[in-house]
Amino acid sequence: MRLNTLKPAPGSKKDRHRVGRGVASGWGKTAGRGHKGQKARSGGFHKLGFEGGQMPLHRRLPKRGFNSPTRDDIGEVRTGDLQAMQATEIDLNALKEAGIVSRKVLAAKVILSGKLERKVSLKEIGVSKGARAMIEAAGGSVQITPKPEAPKKEKKAKKAKQAEPEAEAKG
């Protein structure tokens, strides 16, 4: 047996059925669609789930649950994982290189799970209350830069300021 002599079994390969190619083909004229009716027309098929005008099942049932579009943005790190790491100064890049969090995550948070008995310093990584207590009890530290707060808009104050000159002009 050689590669150039391989062929499919006789009768296993058939030509594609080409409809609407003349009366002699056996599939001419109506091309297997029958006569008239919605399904005989072009574009005459309802999408999946159509129930003849009755409210479809997928719309009758209540919506349930919530799929967060950002659920994969924050990686979860256990204190036991920090114990297993070699590095003492840990940031997001160190966690990614160690394979503890996915390369896709934008941030990480340490949770209390497992033991931590060595000194580690975390930089720009979120920490739960229990995990913070364990890290600091082991002699470690947590450094997080606080986010700058956006200035609050003063809509009501502007309206009040505009009203004052009008009141003085009238009085």
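Of note:
- Selection within segment 60-83 - closer than 15 Å to G140 by Cα and either of a type in the set (G, A, S) or exposed (fewer than 10 other Cβ atoms within 10 Å of the Cβ) (or both): G80
- Selected residue (criterion: surrounded by the fewest Cβ atoms within 10 Å (Cβ to Cβ)) from residues of segment 94-113 that are in a helix (DSSP H, G or I) and of a type outside the set (A, V, I, L, M, F, W, C): E97
- Among the residues of segment 48-69, at least one is touching a helix residue (DSSP H, G or I) at 6+ places or on another chain (Cβ under 8 Å) and not in a loop (DSSP other than H, G, I, E, B).
- Test: residue in segment 5-15 that is at pLDDT below 90, on the phi < 0 side of the Ramachandran plot and in a helix (DSSP H, G or I): no
Residue-by-condition table, conditions (1) small (G, A, S); (2) under 20 Å from K119 (Cα atoms); (3) in contact (Cβ under 8 Å) with a residue 40 or more places away in the chain:
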| position | (1), (2), (3) |
| --- | --- |
| Q38 | no, no, no |
| G44 | yes, no, no |
| F66 | no, no, no |
| T70 | no, no, no |
| V77 | no, yes, yes |
| A84 | yes, yes, no |
| L92 | no, yes, no |
| I100 | no, yes, no |
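The values are calculated or read from the model by the stated rules, or taken from the named source; none is laboratory data. None of the values given here were measured: they were computed from a predicted structure. Positions of Cβ are backbone-derived with ideal geometry, glycine not excepted, and every protein chain shown enters the neighbour counts.
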